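Here's the structure we're looking at; comments come further down.
Values quoted throughout were computed directly from the atomic coordinates according to the rules given, and no laboratory measurement underlies them. Model, not experiment: these values are computed from the prediction. Cβ coordinates were reconstructed from backbone atoms using ideal geometry, including for glycine residues, and neighbour counts include every protein chain displayed.
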Amino acid sequence: MNQPLIQTGLRYGAVGALVFATSYIALAFVFQNPPMALPVPLHAIMLFAFIFGAAFELRSQQGKKLHFWQGGAVGFITYCLIAVGSSLTLYLLFEYNDQVLQMEKEARLLVASTNMEQINDYAGVEGFAQEKIEQIKSFGALNLAINNYLWTNLIIGLFLSIFVSFLLRKK
């Protein structure tokens, strides 16, 4: 494969997925609840570093010229691999360590139950928070991994990729 765009995205995405997987596994042993131990801002900074690194390396390979679409494409490959890898790792942690799954559900239930009034006001529907609490109680490992972490990574990665592509584009 002689495609620097694809190779760079795959390389940075695979390394990023490995770093995220390793950090979640290590945090599972230390804190027992890895998703709560790795806050979203830190997660976004780590994701930004891998997307930026991939786009910067691609730009260097092409003689300091990077079109917006190239930065977006290499960023897409990178953040998709990281999102899938980290979500798969969390799924396996939740599936094979029931204590981690229960702690994650308890943390989400605590947030939802202490903010019931704000959730109802924000949604504009009375009883909306109670419905969400019931949904959280029925969450399984796959539901948490896909609906919460995979989509969160993809959305954050999309915006970061656009930002990096704009930042490094050819002038």
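Whole-Hz ³J(HN,Hα) for each residue in the stretch 19-36, computed from phi via Karplus 6.51 cos²θ - 1.76 cosθ + 1.60 with θ = phi - 60°, x for glycine and proline: what do you get?
Values per residue, Gly and Pro as x: 5, 5, 4, 4, 5, 5, 5, 4, 5, 5, 7, 7, 9, 6, 9, x, x, 7 Hz.
Near the amide H of LEU66, under 5 Å away, which other amide H atoms are found, from residues 5 or more places off or on another chain, if H is placed in the peptide plane?
For LEU66, whose amide H was placed from the backbone, the distant partners under 5 Å are LYS170.
Count neighbours as other Cβ atoms within 10 Å of each site's Cβ, and list the GluC sites (Glu not before Pro) in the stretch 102-171 that are DSSP loop with at most 10 such neighbours.
GLU126
Nearest 500 deg cm²/dmol is fine: what mean residue ellipticity at 222 nm does the chain get from its DSSP H runs of n ≥ 4 alone, each adding -39,500 (n - 2.57), divided by its residue count? Working shown, then result.
Working: 8 runs with 135 residues, N = 171.
Per the formula, -26500 deg cm²/dmol.
Report the charge-dipole magnitude of the chain in Debye, nearest 20, computed about the Cα centre from +1 at each Lys and Arg Cβ and -1 at each Asp and Glu Cβ.
With Lys and Arg at +1 and Asp and Glu at -1, about 1220 debye.
Taking only Cα atoms and a 10 Å spring cutoff, compute GNM fluctuations for the chain and point out the largest among ALA123, ALA112, ALA14.
Top of the fluctuation ranking is ALA123.
Can you find, among THR89, MET103, ILE133, the residue farthest towards the positive end of the dipole of the stretch 1-152? Put +1 on the C-beta of Lys and Arg, -1 on that of Asp and Glu.
THR89
Using DSSP to call loops (not H, G, I, E or B), can you name the trypsin sites (Lys or Arg not before Pro) in the stretch 63-110 whose Cβ has at most 14 other Cβ atoms within 10 angstrom?
Listed in order of number, the matching sites are LYS64, LYS65.
Count charges around PHE128 for me, please; just the other residues with Cβ under 12 Å from its Cβ, Lys/Arg as +1, Asp/Glu as -1.
Net charge in that neighbourhood comes out at -4.
Placing +1 at every Lys and Arg Cβ and -1 at every Asp and Glu Cβ, with all other atoms neutral, what dipole size does the stretch 95-148 have around its Cα centre, in debye to the nearest 20?
Values: 4 positive and 9 negative charges, 19 e Å.
With only Lys, Arg, Asp and Glu charged at Cβ, the dipole is about 80 debye.
Applying the Karplus parametrisation 6.51 cos²θ - 1.76 cosθ + 1.60 with θ = phi - 60° to the phi angles of the stretch 94-109, what ³J(HN,Hα) value in whole Hz is obtained for each residue in order, glycine and proline being reported as x?
With the stated coefficients, the stretch 94-109 comes to 5, 5, 9, 9, 4, 5, 5, 4, 5, 5, 5, 5, 5, 5, 5, 5 Hz.
Could you give me the ³J(HN,Hα) list for the stretch 37-52, computed from phi with Karplus coefficients 6.51, -1.76, 1.60 and θ = phi - 60°, whole Hz, x at Gly and Pro?
Whole-Hz 3J(HN,Hα) from phi for the stretch 37-52: 7, 10, x, 4, x, 5, 4, 5, 5, 5, 5, 4, 4, 6, 5, 4.
Report relative contact order for the stretch 1-132 in percent, whole number only (criteria: Cα-Cα under 8 Å, sequence separation at least 6).
Numbers: 118 pairs, mean separation 43.5, N = 132.
Value for the stretch 1-132: 33 percent.
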